[in-house]
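Written out below as structure tokens is the structure these notes cover.
Just so you know, all these numbers are worked out from the coordinates, no wet-lab data involved. Remember, it's a predicted structure, so these values are computed and weren't measured experimentally. Neighbour counts are summed over all protein chains in view; Cβ atoms, including those assigned to glycine, are modelled from backbone coordinates with ideal geometry.
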Amino acid sequence: MTSEFNKSVVIVGASNDRRKFGNKAVRAYRSLGWTVYPVNPKERLIEDLRAYRALADVPRPVDRVSMYVPPAVGMTLLEDLAALEPDEVFFNPGSDSPEVIDCAKGVMLPVVAACSIVDIGLSPSQFPDA
């Protein structure tokens with residue numbers, strides 16, 4: 001098993017807006033030594049990390065994916081998520097819906113419906129908006 005310091009996470013819906021959870025997640029995982037791959041088609045850099053335009057561009061292997069996009073957007077990404085073959089896919093509050101969770105399971109994604117920041121032992125409130 002890979003140690004936490006060698007793990008990688010893809011943040012789908014990563015943002016430069018420090019008020020958004022997609023940004024707080026980038027900072028949270030980075031603070032624990034994870035390799036972070038922000039995904040946002042409109043950004044080039046997020047928190048000084050290269051932002052990937054599409055899931056297909058992300059280096060592999062991927063240990064975890066953390067979703068911060070609305071369920072309707074997530075639905076369009078399920079096949080690309082499955083192609084990454086992650087160990088787990090977190091659908092954070094606001095990115096989950098019964099439909100997207102069922103469809104994700106249908107393409108054999110290892111789904112977790114929970115806050116991924118809390119899962120790594122941190123709180124979003126530890127990462128200020130400014």
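Figure legend: label point modelled 7 angstrom from the Cα of V107 along Cα→Cβ; residues of segment 69-89 with amide N under 13 Å from it are 72-86, 89. For segment 8-103, the list of GluC sites (Glu not before Pro) that fall in a loop by DSSP and count at most 11 other C-beta atoms within 10 angstrom is empty.
Helical content alone sets the calculated 222 nm signal of the chain at -8500 deg cm²/dmol, taking -39,500 (n - 2.57) per DSSP H segment of four or more residues and averaging over every residue.
Give, rounded to the nearest 20 debye, the magnitude of the charge dipole that the chain has about its Cα centre when Lys and Arg contribute +1 at Cβ and Asp and Glu contribute -1 at Cβ.
For the chain, the charge dipole is close to 480 debye.
Does the chain classify as rounded, prolate or oblate by the C-alpha gyration tensor (a ≥ b ≥ c root eigenvalues; a/c under 1.5 gives rounded; else a/b over b/c gives prolate, otherwise oblate)? Here the chain falls in the rounded category.
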